[in-house]
Amino acid sequence: MKFIVSSTYLLKQLQVLGGVINSSNTLPILDNFLFDIDNNSLTVSASDLETTMSSTLDIESDSKGSVAIPARLLLDTLKTFPEQPLTFTVEENNTIEISSNHGKYALAYADGAEFPKAVALEDPSSTTIAGDILATAISKTIFAAGNDDLRPVMSGVFFQFSTDNLTFVATDAHKLVKYTREDVSASQVAEFIMPKKPLTLLKGILATSDENVTIEYNDSNAKFTFENTVLVCRLIDGKYPNYEAVIPKENPNKLSIDRTQFLSSVKRVSIFSNKTTHQIKLKIAGAELNISAEDIDYSNKAEERLTCDYQGDDMQIGFNSRFLTEMLNNLNATDVQLEMSMPNRAGILTPIDGLDEGEHVTMLVMPVMLNS
């Protein structure tokens, strides 16, 4: 069994798939790429049992068969080659030989039949969405998902599809992001929770792609198909918390401010904040926003004054500067609006401009108690 393939073309596909493989696997076979050859088409798969991803490449071959090749070794070897055709030949003694212009390299391979098969979805529903829209939806929400193993539902992104729009939500109980697209819709109502790892992989691949992505899903798995790649992953079990209930409806105090100016002030002032609470205080009176932080243990303190556009009662509210920075960094608007009702109720951050038609972002950040 042998085939010929371009070194850079193969490397580009394998580097994407390599993101699936865990650094330490319980099953040794998962440290391999599965190469499945069917004449002129090669399907390479990688899996960690939860997520399986495969890409189909064009090759020169007239053989059929499958082998599992050590991923790390193959990637390290391919990285060093300039662009050239490589010939892979499966030898009798359980090694696969790679021939380049200048040399030969032999790797031990495992039997392809040992590699775990990807799950076939039974009776799935499906939706098609543009790749760049999905990539944006993931990058706008994934940073807000939690890392708490005790609350697995919060460690993923909630996909909520309806016939009017698609909504993506992530929260870790301190911050929440809700991203809605009204220019895309699904054929029927569906909701599921996607784990972070496959989403990070998708975000990386789709950021530069203008291809459409077909999402198929049932109660336990989801499958993303685009160009020559298929990603199948297990969904997070459980019911997502009712996030609508946490978003305060009545917010009479509205603050509008230039995002970059606000962000750099928060970053600067937060250097002087307490290293465990990261607490900064916003004091708003008239058209002036006063941002301050103090670390009493070390007698460090900072205070900045910004002009802003404010409607509402004068108020003081404390936030964790890390959450505020993350959120402001994630928005690409020129001006943002922060809506508040009381110092102990969540603040709502929304972009004033910079959104596409039908695109909505709502970010919610919980306040911290001020020790006044």
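The values are calculated or read from the model by the stated rules, or taken from the named source; none is laboratory data. As the structure is a prediction and not an experimental result, all values here were calculated from the model. Cβ: placed from backbone, ideal geometry, glycine included. Neighbour counts: every protein chain shown. Note: accessible area is taken over every heavy atom of the protein model, side chains too, but ligands, DNA and RNA are not part of it. Shrake-Rupley method; radii C 1.70, N 1.55, O 1.52, S 1.80 Å.
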- Note on the structure: Set K2/K203; K178/K254; K140/K275, cut-off 23 Å on Cα-Cα distance; pairs above it are K2/K203; K140/K275
- Note on the structure: In the range 324-372, taking the dipole from +1 charges on Lys and Arg beta carbons and -1 charges on Asp and Glu beta carbons about the Cα centre, the listed residue (A333, G354, L364) farthest towards the positive end is L364
- At 7 Å along the Cα-to-beta-carbon direction for both L107 and E191, put a label point, then send me their distance in nm to one decimal. 4.4
- Query: How many nm separate the modelled label positions at D38 and S24, each set 7 Å beyond the Cα in the direction of the Cβ?
  - Reply: 3.8
- Item | Surface per residue (accessible, 1.4 Å probe) for the range 153-221, Å² | 38
- Message: Bin width 10 Å, origin at 0, all Cα-Cα pairs of the range 4-95: what percent of pairs per bin?
- Response: 16, 52, 30, 3
- Please give the helix 131-141 orientation as an angle from the longest Cα principal axis of the chain, in degrees from 0 to 90, rounded to the nearest 10. 50
- For T80, T52, what's the largest-to-smallest order of accessible area, 1.4 Å probe? T80, T52
- Pop out the carbon and sulfur fraction of the accessible area of the range 228-372 as a percent, whole number, probe 1.4 Å. 48
- Item | Set of aspartates and glutamates with alpha-carbon distance to K12 below 16 Å, sequence-local pairs under 8 removed | D58, D76, E83, E227
- In the range 213-265, what trypsin sites (Lys or Arg not before Pro) fall in a loop by DSSP, with at most 14 other Cβ atoms inside 10 Å? K239, K249
- Item | Top positive-direction residue, dipole computed over the range 261-336 with Cβ charges, set H278, L324, T307 | H278
- Task: Give me the aspartates and glutamates in straight-line cross-link reach of K281: C-alpha distance below 20 Å, same-chain residues under 8 apart excluded.
- Result: D258, E294, D295, D297, E303, E304, D309, D313, D314, E326, E339
- Message: Working only with C-alpha atoms, what are the Rg and Dmax values of the range 135-192, expressed in angstrom?
- Response: 11.7, 36
- Note on the structure: Nearest 10, in degrees from 0 to 90: the angle of helix 7-18 to the longest Cα principal axis of the chain is 50
- Task: Work from the charge dipole of the chain (Cβ charges, +1 for Lys and Arg, -1 for Asp and Glu, about the Cα centre) and give the residue of T260, V119, A293 farthest towards its positive end.
- Result: A293
- Student exercise, the range 34-112 dipole from Lys, Arg, Asp, Glu Cβ charges, in Debye to nearest 20: 240
- Item | Stokes-Einstein D (µm²/s) once Rh is taken as the Kirkwood radius of the chain over alpha-carbon pairs, at 20 °C in 1.002 mPa s | 92
- Item | the chain, helix-only ellipticity at 222 nm - DSSP H runs n ≥ 4, -39,500 (n - 2.57), divided by all residues, nearest 500 | -5500 deg cm²/dmol
- Residue-normalised value, i.e. accessible area per residue, for the range 62-132 at 1.4 Å probe, in Å², stands at 57
- Sparse-neighbourhood loop hits (GluC sites (Glu not before Pro), the range 235-292; DSSP loop; Cβ within 10 Å at most 14 others) -> E250
- Query: Which value, in debye to the nearest 20, describes the size of the charge dipole of the range 190-230 about its Cα centre when Lys and Arg Cβ atoms bear +1, Asp and Glu Cβ atoms bear -1, and nothing else is charged?
  - Reply: 260
- Item | Summed residue charge, Cβ within 12 Å of A71's Cβ, Lys/Arg positive, Asp/Glu negative | -2
- Task: Please give the helix 196-206 orientation as an angle from the longest Cα principal axis of the chain, in degrees from 0 to 90, rounded to the nearest 10.
- Result: 80
